[in-house]
Amino acid sequence: MYKVLVTEDSPIVRKILFKLIEDNPYFQSVLCEDLASAREQLESDQSFLAAIVDLNLPDAPNGEIVDVVLSYDVPTVVLTGNFDEHLRHMLLDKGVLDYITKESRYSYMQVVKLIERLRKNLSTKVLVADDSITSQNFLSHFLKKFGFQVQCVNDGVEALAALDADSDIKLVISDYMMPNLDGFELVKKIRQDRRFQDLIFVGLSAKGNSMLSAKFIKSGANDFLSKPFYHEEFFCRVLHSLELQEMMEQVRDAANLDPLTNTYNRRYLFEHGELMLKSGKQTTVVIIDIDDFKPINDTYGHKTGDKLLEAFSMLLKRYYREDMVVRYGGEEFVVVSEREYEQVMHTTTLFMQKLRELSFTEHSIAMTCSIGVSSNNSGSLEDLIDIADKRLYEAKHSGIDKVIEAIAV
């Protein structure tokens with residue numbers, strides 16, 4: 001749960017912000033009506049993801065709240081009824097995230113959207129490629145202010161090495177003119193590698209023109225900016241690219257995820273499971289079936305059965321968090337893992353033990369499961385599933401709540 005400090009003397013505005021912030025399950029709002037109460041909260045042991053402040057407070061009529069909050073290294077958004085171009089530049093120079101006027105309900109939603117973006121940025125890795133140390137430092141400082149994890153390299157060759165070393169990098173910001181491998185050649189090489197098809201690429205250049213912009217984008221860049229750029233323009237472009245990529249991921253997830261359990265579906269299993277086998281690593285398939293599930297549906301109804309499946313799948317994903325978890329059909333799930341066989345079996349033992357200790361739904365239903373396991377570094381995924389399924393059948397018919405496992409190859 002992330003805390004958001006709101007300092008606003010208007011009860012109506014506080015109420016609006018409170019409602020919008022608390023509607024987000026990740027946030028908790030801490031409301032203050034003046035500088036004194038805000039300072040008290042800042043001096044406590046609490047940590048704040050961000051602060052939303054008004055410039056005109058009873059005990060701080062000239063925006064003193066901004067300097068106070070920034071002195072505690074809390075990312076700050078100014079929400080005020082006054083728009084002044086000089087004031088706007090001054091606030092941005094001080095280091096506030098943004099300056100938003102109270103024009104309509106959309107303004108308040110924009111503020112909360114910015115805070116949500118800040119939360120997401122905490123887990124977003126950005127790679128900056130630029131041979132200028134000054135430019136690296138500027139971009140790094142700017143991106144870190146918005147919560148991003150930032151790594152800097154000096155050219156395209158180092159950028160490719162960094163991407164190979166860390167598959168979690170989500171955004172590349174690259175200058176055009178660099179030694180060894182320039183930004184234009186870098187984006188072309190990135191787009192030729194299927195591993196980086198979802199990577200966001202933003203090109204930069206001090207010699208920007210429409211031809212260069214078109215050249216970058218036609219080669220696979222998501223966007224292009226000419227230096228120097230405005231604070232808001234850069235952030236809006238990056239934000240837009242991230243949101244567009246997240247929307248695409250949601251669409252893709254909708255096609256690959258089971259809507260009830262939020263685990264992968266059979267389609268994803270056979271598309272990506274076969275790729276795991278082709279890697280040559282030992283692959284283990286675990287088929288897990290909830291014992292006596294039909295009587296639960298018959299006794300308590302399908303709504304309770306659905307709740308049970310949701311709870312069961314959450315526990316599965318918690319224990320097999322490094323593996324592919326799939327709803328194979330009904331109350332049957334498949335786990336595909338490239339971990340060491342002994343590790344997978346240890347996880348399976350812990351999972352079954354925990355399942356026996358818990359009860360689920362408002363009816364306090366106890367659950368057990370039966371499991372079949374197969375493991376190999378060759379053959380097809382379908383063969384592995386068939387072998388595991390036979391072992392599951394054996395477990396079911398030899399007393400349930402059992403594992404019939406493979407012999408590690």
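When residues in the stretch 185-209 are screened for being at pLDDT 90 or above and in contact with a Phe, Trp or Tyr (Cβ under 6 Å, 6 or more places away or on another chain), 3 of them pass.
For residue 66, indicate whether it is open to solvent by less than 30 Å² (accessible area, probe 1.4 Å), part of a helix (DSSP H, G or I) and farther than 19 Å from residue 18 by Cα. So that I can check it myself, show each step before the final result.
On the way: open to solvent by less than 30 Å² (accessible area, probe 1.4 Å): yes; part of a helix (DSSP H, G or I): yes; farther than 19 Å from residue 18 by Cα: yes.
Taking the combined requirement at face value, the residue satisfies it.
Residue 289 falls short on exactly one of the conditions (1) at pLDDT 95 or above; (2) part of a helix (DSSP H, G or I); (3) closer than 18 Å to residue 258 by Cα; (4) not small (Gly, Ala, Ser), and that condition is (2).
Within the stretch 224-251, residues that are at positive phi reach no partner that is open to solvent by 60 Å² or more (accessible area, probe 1.4 Å) with beta carbons closer than 7 Å at six or more positions or on different chains. Of (1) among the basic types (Lys, Arg); (2) free of Cβ contacts under 8 Å to residues at least 40 places away in the same chain; (3) loosely packed, with under 15 Cβ neighbours inside 10 Å, residue 356 satisfies all except one. Which? Only one criterion in (1) among the basic types (Lys, Arg); (2) free of Cβ contacts under 8 Å to residues at least 40 places away in the same chain; (3) loosely packed, with under 15 Cβ neighbours inside 10 Å is unmet by residue 356, namely (2). Checking the stretch 136-154 against the condition returns a match, with at least one residue being outside any helix (DSSP H, G or I) and over 22 Å from the mean Cα position of the chain (by Cα).
Looking for whichever is touching a strand residue (DSSP E or B) at 6+ places or on another chain (Cβ under 7 Å), of a type outside the set (S, T, N, Q), touching a residue at least 40 places away in the same chain (Cβ under 8 Å) and more than 21 Å from residue 97 (Cα to Cα) here; the options are 173, 200. Which one fits?
Criteria check complete, one pass: 200.
The residues of the stretch 252-273 that are among the acidic types (Asp, Glu) and at pLDDT 90 or above amount to a single one, 258.
Does the stretch 363-406 hold any residues that are within 15 Å of residue 292 (Cα to Cα), touching a residue at least 40 places away in the same chain (Cβ under 8 Å), of a type in the set (S, T, N, Q) and assigned to a loop (DSSP other than H, G, I, E, B), and which are they? Correct list: 368 only. The number of residues in the stretch 167-190 that are open to solvent by 10 Å² or more (accessible area, probe 1.4 Å) and either part of a strand (DSSP E or B) or under 19 Å from residue 238 (Cβ atoms) (or both) comes to 5.
The values are calculated or read from the model by the stated rules, or taken from the named source; none is laboratory data. Here the structure is a predicted model, which is why all the values come from computation and not from measurement. Cβ sites come from the backbone with ideal geometry, for glycine too, and all protein chains shown count toward neighbours. Heavy atoms of the whole protein, side chains included, go into the accessibility calculation; ligands, DNA and RNA do not. Shrake-Rupley method; radii C 1.70, N 1.55, O 1.52, S 1.80 Å.
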